[in-house]
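Values quoted throughout were computed directly from the atomic coordinates according to the rules given, and no laboratory measurement underlies them. Quick caveat, the model's predicted, so the values are computed rather than measured. Backbone-built Cβ (ideal geometry, glycine too); neighbour counts: all protein chains shown.
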Amino acid sequence: MARLRQKFKRWMTNTLELPADVVMDLPRITMIGHLHIYIENHRGVKAFSNEELRLILEQGELLITGKEFVLKTILPEEILLEGKILDVKYIDIS
Amino acid sequence: MTKIWTKYLRGTVKITVEGEHAEKFLNYCLNNDIQIWEVSRKEHLVLNMYTDDALKIRVPLRQMGCKFKVMTRRGAPFIVQRMISRSGFVAGLGIFLVLVFLLSNMVWNIEVTGADPKTEHHLRKVINEMGIKKGKLLFRLPDPREIQYLATEKMDEVTWIGVTLEGTTFHFKVVQKELPEKIESLGPQNLIAKKKAFVTNMFVEQGQVKVERNQLVQKGELLVSGNIGKDKNVRTVAAKGKVFGEVWYRTDVSVPLKTTFNTLTGNHNDKHFVSLFGWNVPVWGFGKVEYKEFEVMEDVKNFRMLKWELPISYIKKGIHESESVSREYTAKKAVEIAKQMADEEMESHLEEDASIKSGKILHHTIDNGKVNVSMYYKVIENIAEEQPIVGGD
């Protein structure tokens, strides 16, 4: 059932040209150089340290590594991270 | 910008959270609508949050096995707290400001210029009675224009008093009446007639009388001569005395039959305002005025601080009910009134020792709703005028 719904959603984005992040609960990530990263639609913080931020997503996780991380703002669905971002990686996406 | 202000007003704290499961705390904040910002982590988690939120997270933190320490506090609540703990200082500051305010609104000096010592003394006494003294608060005194009016009214020996308020000093500029000095004309003189009259009475101190009682004299005619003596013993002296004569005057007065004028009924309603930067904020006296016709009298009092006028003033608006009254005279009544008015007018023109012998209505006409009355007066007055004898031999 869940897979069917997933398929239906993908079909909607493809044929109706609806933005994928809205329909499929995907994160929207905006980066400004390596200084800022702005993530919408996350589901919580799994780990945070000076050099690493691990966010829970609807599916899987997002791992951001770098240096001197500061979370400028945290809201229930948005995060603004500041620092020197070296790597953005998806983990465990089915 | 607004965010900075709300942050300032609510007060923010910077705290450190010690413990292994700091992420749990972050998620807890996300799920419970606790705002945090500027989160960083080196040894411990350092973050900023609102003061009131910081009190709420105590218990959950303990459950998560974390400790928190406050590093810095910022914002209005802490300043208020500090002010309360130093209430003596704050009270002193408040008292100081109040004192400066009161002293700035006090009469400190009263200066009088242009008056001789006697007049000055009188003036000081008059204004003292009006309540203008050193140390009085300015906003409880009438305004300078009113003082000027009252002081000028009360003092007979001055023509005009100018009152200005400069800061905390009242300046009174006095223009004194210059009473003409009595001319002691000791030189030889005659007395001549001022106007055409019928001589009725004479009181001559010195000089030779040239006219008789019941004689008609023309203007400029010699009444009492300064030349006395006969033949070779002629001397010239200053003729002195009073010659009373009957003089005729004609006065025209017109009285409208119908007049409308406004009078105040005595009902009034006061409204009080405090004006801030030109904004009038009502303080007392609300509600609509139910008078059909009214007059507004405004009384503005300004406040000062040291040298400066504050943008705050107190305004009292007195709303007085007025009423237009129309008055109508019958022709007979109008004539009567006109006669009265003419009498008064005549009286006011006469000198002290003159008297009205009789007044008669010459004729009266009514046109354009007005009664025009011509009065004819017989007045007995001093008709003597001094005329120096020039080139006397």
**Asked** Under unit Cβ charges (Lys, Arg +1; Asp, Glu -1), what dipole magnitude, rounded to 20 debye, does chain B have relative to its Cα centre?
**Response** 2220
**Asked** Given +1 on the Cβ of Lys and Arg, -1 on the Cβ of Asp and Glu, and no further charges, what dipole in debye does the protein assembly as shown carry about its Cα centre, rounded to the nearest 20?
**Response** 1700
**Asked** Using the beta-carbon distance between A:Glu51 and A:Leu4 and R0 = 56 Å, what value does 1/(1 + (r/R0)^6) give for FRET efficiency, to the nearest 0.05?
**Response** 0.85
**Separation of the B:Asn32 and B:Lys3 label points, Cα + 7 Å toward Cβ, nm** = 2.3
**Fill in**
Residue-ordered couplings for segment B:215-220, obtained by feeding phi - 60° into the Karplus form 6.51 cos²θ - 1.76 cosθ + 1.60 and rounding to whole Hz (Gly and Pro as x), are 9, 7, 10, 8, 5, x
**Prompt:** Counting only the backbone N, which residues of segment B:299-318 are under 11 Å from the spot 7 Å out from the Cα of B:Leu103 toward its beta-carbon?
**Reply:** B:306
**Complete:** Note: B:29-41 gets an average of partner chain Cβ contacts (10 Å, Cβ to Cβ) equal to 5
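If you count, for every residue in A:37-44, the Cβ atoms of partner chains within 10 Å of its Cβ, what is the mean?
1
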**Request:** Would you mind getting me the FRET efficiency between B:Lys378 and B:Asn280? Use the beta-carbon distance for r and R0 = 45 Å, nearest 0.05.
**Result:** 0.15
**Prompt:** What is the average number of partner chain Cβ atoms found within 10 Å of a Cβ in A:76-84?
**Reply:** 2
**Request:** Can you spot the lysines whose alpha carbon is less than 26 Å from B:Lys173's alpha carbon? Ignore those fewer than 8 places along the same chain.
**Result:** B:Lys118, B:Lys125, B:Lys133, B:Lys134, B:Lys136, B:Lys154, B:Lys301, B:Lys307
**Request:** For the pairs B:Lys195/B:Lys378; B:Lys258/B:Lys317; B:Lys195/B:Lys232; B:Lys288/B:Lys317; B:Lys195/B:Lys240, note any where the Cα-Cα span goes beyond 22 Å.
**Result:** B:Lys258/B:Lys317; B:Lys195/B:Lys232
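Label segment B:304-365 by shape, choosing from rounded, prolate and oblate, from the square roots a ≥ b ≥ c of the eigenvalues of the Cα gyration tensor; if a/c is under 1.5 it is rounded, and otherwise prolate applies when a/b is larger than b/c, oblate when it is not. If you can, show how the numbers build up before the last one.
Working: a/c = 7.01, a/b = 2.11, b/c = 3.32.
Oblate shape, in that a/c is at least 1.5 and b/c is the bigger or equal ratio.
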**Total charge dipole magnitude, segment B:109-176, about the Cα centre, Cβ charges on Lys, Arg, Asp, Glu only, Debye to nearest 20** = 300
**Complete:** Note, segment B:248-262: 3J(HN,Hα) by Karplus (6.51, -1.76, 1.60, θ = phi - 60°), whole Hz, Gly/Pro = x, goes 10, 10, 10, 10, 10, 10, 10, 10, x, 6, 10, 10, 10, 8, 8
**Prompt:** Picking from B:Ala331, B:Thr159, B:Trp5, whose Cα lies most toward the positive end of the charge dipole for chain B (charges on Cβ: Lys, Arg +1; Asp, Glu -1)?
**Reply:** B:Trp5
**Complete:** Along segment A:34-40, Karplus-curve 3J(HN,Hα) (6.51, -1.76, 1.60; θ = phi - 60°) to the nearest Hz, with x for Gly and Pro, reads 10, 8, 10, 9, 10, 10, 9
**Complete:** Ordering A:18-24, B:326-332 by per-residue average of other C-beta atoms within 10 angstrom, highest first, gives A:18-24, B:326-332
**Item:** Spatially proximal lysines relative to B:Lys42 (Cα-Cα < 29 Å; intrachain offsets below 8 disregarded)
**Value:** A:Lys46, A:Lys67, A:Lys72, A:Lys84, A:Lys89, B:Lys3, B:Lys7, B:Lys14, B:Lys24, B:Lys56, B:Lys67, B:Lys69
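With r defined as the distance between the Cβ atoms of B:Gln387 and B:His268 and R0 fixed at 56 Å, what FRET efficiency is calculated, to the nearest 0.05?
Efficiency, from the Cβ-Cβ distance: 0.40.
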**Item:** For B:Lys271, residues with placed amide H under 5 Å, excluding near neighbours
**Value:** B:Lys317, B:Gly318, B:Ile319
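Can you give the calculated 222 nm mean residue ellipticity of chain B, where each DSSP H run of n ≥ 4 adds -39,500 (n - 2.57) and the sum is split over every residue, rounded to the nearest 500 deg cm²/dmol? Present the calculation step by step, with values, prior to reporting the outcome.
Values: 9 runs with 103 residues, N = 393.
Rounded to the nearest 500, it is -8000 deg cm²/dmol.
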